[in-house]
Amino acid sequence: MTYQEAQKLKTNNSHIVGLKFNEEVIEEIIIRPTSFDQFQEFLKIYSDTLDAEESILGFTNEDLIVSVVFNKVESLESGIFFQTPLLNLKDENLKLNL
């Protein structure tokens, strides 16, 4: 999806931050590249800054996806990033219209 579509999807679903999904609290909604290589680059920036908005700036013309993040600091410190695409969440009162 485009950056504008991703921004709208993220904004429309900000109400789920703080809710539990599979026993984990959703800490943040991020926009990230869909490409594996670009996602790895994004993760390097994100783990240094802990700022998803800043981290995505170099990828705004790429194909993007909106994901939710669990255990942000712990997962980045451990090297295992706990996230899932927003569209994988079921029964979370999502607003998916772009």
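For the reader, a short list of remarks on this structure follows.
- Only residues that are without any contact (Cβ under 8 Å) to a residue 12 or more places away in the chain and hydroxyl-bearing (Ser, Thr, Tyr) were counted across the stretch 60-87, and they come to 2.
- Count of the stretch 1-37 residues, restricted to those that are in contact with a Phe, Trp or Tyr (Cβ under 6 Å, 6 or more places away or on another chain) and modelled with pLDDT of 95 or more, is 2.
- The conditions of being at negative phi and modelled with pLDDT of 90 or more are met by residue 69.
- Residue match in the stretch 18-28 (condition: touching a residue at least 60 places away in the same chain (Cβ under 8 Å) and in contact with a strand residue (DSSP E or B) (Cβ under 8 Å, 6 or more places away or on another chain)): yes
The values are calculated or read from the model by the stated rules, or taken from the named source; none is laboratory data. Keep in mind that this is a model prediction, so the values were computed, not measured. Using ideal geometry, Cβ is built from the backbone for each residue, glycine included, and neighbour counts are taken over all protein chains shown.
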